[in-house]
1. Would the range 6-26 turn up any residue that is in a loop (DSSP other than H, G, I, E, B), more than 26 Å from residue 139 (Cα to Cα) and among the charged types (D, E, K, R)?
2. Given the condition open to solvent by less than 70 Å² (accessible area, probe 1.4 Å) and over 13 Å from the mean Cα position of the chain (by Cα), answer yes or no: does some residue in the range 43-51 qualify?
3. Give all pairs with beta carbons closer than 8 Å in which a residue from the range 140-160 that is assigned to a loop (DSSP other than H, G, I, E, B) meets a residue that is among the polar types (S, T, N, Q) and open to solvent by less than 40 Å² (accessible area, probe 1.4 Å); count only pairs at least 6 apart in sequence or on separate chains.
4. Of everything in the range 180-218, what is on the phi > 0 side of the Ramachandran plot, touching a residue at least 24 places away in the same chain (Cβ under 8 Å) and of a type outside the set (Phe, Trp, Tyr)? Give them in sequence order.
5. For residue 128, all conditions in the list (1) surrounded by fewer than 17 Cβ atoms within 10 Å (Cβ to Cβ); (2) in contact with a helix residue (DSSP H, G or I) (Cβ under 8 Å, 6 or more places away or on another chain); (3) not in a loop (DSSP other than H, G, I, E, B) hold save one; what is the number of the exception?
6. Checking residue 69 against (1) in contact with a Leu (Cβ under 6 Å, 6 or more places away or on another chain); (2) open to solvent by less than 40 Å² (accessible area, probe 1.4 Å): exactly one of these is not met. Which one?
7. Residue check, residue 65 against (1) part of a loop (DSSP other than H, G, I, E, B); (2) among the acidic types (Asp, Glu); (3) in contact with a helix residue (DSSP H, G or I) (Cβ under 8 Å, 6 or more places away or on another chain), all met but one. Which one?
8. Would you call residue 152 open to solvent by less than 70 Å² (accessible area, probe 1.4 Å), within 29 Å of residue 1 (Cα to Cα) and modelled with pLDDT of 95 or more?
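The values are calculated or read from the model by the stated rules, or taken from the named source; none is laboratory data. Not measured: the values here are computed from a predicted model. Cβ sites come from the backbone with ideal geometry, for glycine too, and all protein chains shown count toward neighbours. These accessible areas exclude ligands, DNA and RNA; they are computed on the full protein's heavy atoms, side chains included. Shrake-Rupley method; radii C 1.70, N 1.55, O 1.52, S 1.80 Å.
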Amino acid sequence: QVRNIFYGRDGLIERIHNVFNTGHRILFLEGIGGIGKSEVAKRFALKYEDEYENILFVTYTSSLEQLICDPTAINIENVVQAPGENDSDFFQRKLRLLQTLTDEKTLLIIDNFDTDSDSSLNVFLEGNYRVIFTTRLAHPGFPFIKVDAIDDVNEVFKVFAENYDGQIMDEDRPYIEEIFKLIEYHTYAIELIAKQMSVSYLSAKRMLELLEEGQFPA
């Protein structure tokens, strides 16, 4: 499921496409929490879904071994853990089968891969499928794209306006721009502030004052 609000990221989607078109199979989308990494990955999959036969979006929790073994995350028909088969053996068996059944026409999106020490990463990457990892951490040696704040203030205003239940007056815009600067154009924070202003009937000037004082109204 994608969100209804998506602005200022088309260039990132094309960069992902270019990475895969140049022969890379692995890509890390790096950035701080709430900056929009997951949504960019989803939007890429949606735009280029015709290029893939299988697309899986799964959330990393504790390990790649756990993720592969979990049938609710990755399900291969008629493949279940046999009685007496330990998790490690089942992981190896299921992973080998997954790698046999898939190629570059399969896209795996591993969301929240916020670790730099998964012991199964190398063997997992031996498959021919394409993988997008969203992560808050750097992974040297792998292709990556840094997901930063939206750099077009007009696009940021669109995000704000979509979440603000009211009319943005001309005299409010300078205060809203200062709010953007104060929170460093963080997308999720902008959405929260716009919604809070709506329900609290706060003016842009007052919201800016509260944020500068280190407060956020509940």
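1. Just the residues of the range 6-26 that are in a loop (DSSP other than H, G, I, E, B), to begin with: 6-9, 22-25.
Next, from what is left, pick out any that are more than 26 Å from residue 139 (Cα to Cα): 6-7.
Imposing the further condition that a residue be among the charged types (D, E, K, R) reduces the set to none.
Within the range 6-26 (the criterion being in a loop (DSSP other than H, G, I, E, B), more than 26 Å from residue 139 (Cα to Cα) and among the charged types (D, E, K, R)), the answer is no, since none of the residues qualifies.
2. Step one: of the range 43-51, the residues open to solvent by less than 70 Å² (accessible area, probe 1.4 Å) are 43-45, 48, 51.
With over 13 Å from the mean Cα position of the chain (by Cα) added as a condition, the list becomes 48, 51.
Scanning the range 43-51, I find at least one residue that is open to solvent by less than 70 Å² (accessible area, probe 1.4 Å) and over 13 Å from the mean Cα position of the chain (by Cα), so the answer is yes.
3. 149/187; 150/187
4. Of the residues in the range 180-218, the ones on the phi > 0 side of the Ramachandran plot are 184-185, 201, 214.
Filter once more, so that each one left must be touching a residue at least 24 places away in the same chain (Cβ under 8 Å): 184-185.
Residue satisfying the conditions is 184 alone.
5. With respect to (1) surrounded by fewer than 17 Cβ atoms within 10 Å (Cβ to Cβ); (2) in contact with a helix residue (DSSP H, G or I) (Cβ under 8 Å, 6 or more places away or on another chain); (3) not in a loop (DSSP other than H, G, I, E, B), residue 128 is out only on (3).
6. Looking at each condition in turn, residue 69 falls short on (1).
7. For residue 65, the exception is condition (1).
8. Details: open to solvent by less than 70 Å² (accessible area, probe 1.4 Å): yes; within 29 Å of residue 1 (Cα to Cα): yes; modelled with pLDDT of 95 or more: no.
Against the criterion (open to solvent by less than 70 Å² (accessible area, probe 1.4 Å), within 29 Å of residue 1 (Cα to Cα) and modelled with pLDDT of 95 or more), residue 152 does not qualify.
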